[in-house]
Amino acid sequence: MKRPAIVVPEGCKEVLLHACCAPCSSAIVEWLVQHDIRPVIFYYNPNIFPREEYEIRKNESKRHAESLGLKWIDGDYDHEQWQQDVCGLEGEPERGKRCELCFTLRLTAAAKKAQELGIQYFTTTLASSRWKSLEQIERAGHLAEQTVSHRGQDTLCHNDVTKYPDPGVTFWAQNWRKGGLYERRNQLLKEFNFYNQQYCGCEFSQRPKS
């Protein structure tokens, strides 16, 4: 039996969707809604530079969510902190160590937000881009899951140390280019008249390609 292009985790009826931009999230959101999965859109991208570019992408993401009546959450923008976090990796090529660290930082924030909201699953639109490494994204997502989900921690209760089950959060690792979603993305980009950025986001991704 052929495996479906998109595999839904068991019992998933709601997901926190880390969105990098409106064009990349549009087809994913449409698919989720059509399959009775409620997406909560979390826009957290402190890597984007300059601030004006960040605001344009943020507003497009918000416009898209509001047009569909979906919950949209604005993450903090602290590009200076992001620069400190990736310090020393400025010279890395695209799909290098800087990108994987950037994914990990953003997905850890998404995992924390999902845990805060009581949403078990989180996923990311980063996995819809043909310019990104799916392997890096998957590693970053699982690391974020492990960082936030402290399963089986010890707790002191009535002078006894006992184990308690922490359901934590689960990263939904999915290639969101499959199932015709990449083609649908390009259709929705035109239908919604989205602003379509021409570079990944950070100042280092703007460098001329050799």
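Annotations
- Charge context of Lys113, other residues only, Cβ under 14 angstrom, K/R +1, D/E -1: -2
- Accessible area of region 1-108 belonging to carbon and sulfur atoms, whole % at 1.4 Å probe: 50 percent
- Rolling a 1.4 angstrom probe over the protein heavy atoms with all chains in place gives region 13-77 an accessible area of 39 Å² per residue.
- Within a straight-line Cα-Cα reach of under 13 Å, Lys58 can be paired with the following aspartates and glutamates, leaving aside sequence neighbours fewer than 8 residues apart in one chain: Glu66, Asp74, Asp76.
- A straight Cα-to-Cα reach below 14 Å connects Lys13 with the aspartates and glutamates Asp36, residues fewer than 8 places away in its own chain not being considered.
- The candidate values were (1) 23; (2) 45; (3) 37; the one computed from these coordinates for percent of Cα pairs over 30 Å apart carries the label (1).
- Note on surface exposure: Thr147, Thr125, Thr104 rank Thr147, Thr104, Thr125 by accessible area, highest first, 1.4 Å probe.
- Antiparallel %, DSSP beta bridges [both residues in the chain], to 5: 20 percent
The values are calculated or read from the model by the stated rules, or taken from the named source; none is laboratory data. Keep in mind that what you see is a predicted model, and the values were worked out from it rather than measured. Positions of Cβ are backbone-derived with ideal geometry, glycine not excepted, and every protein chain shown enters the neighbour counts. All accessible areas refer to the heavy atoms of the entire protein, side chains included, with ligands and DNA or RNA removed. Shrake-Rupley method; radii C 1.70, N 1.55, O 1.52, S 1.80 Å.
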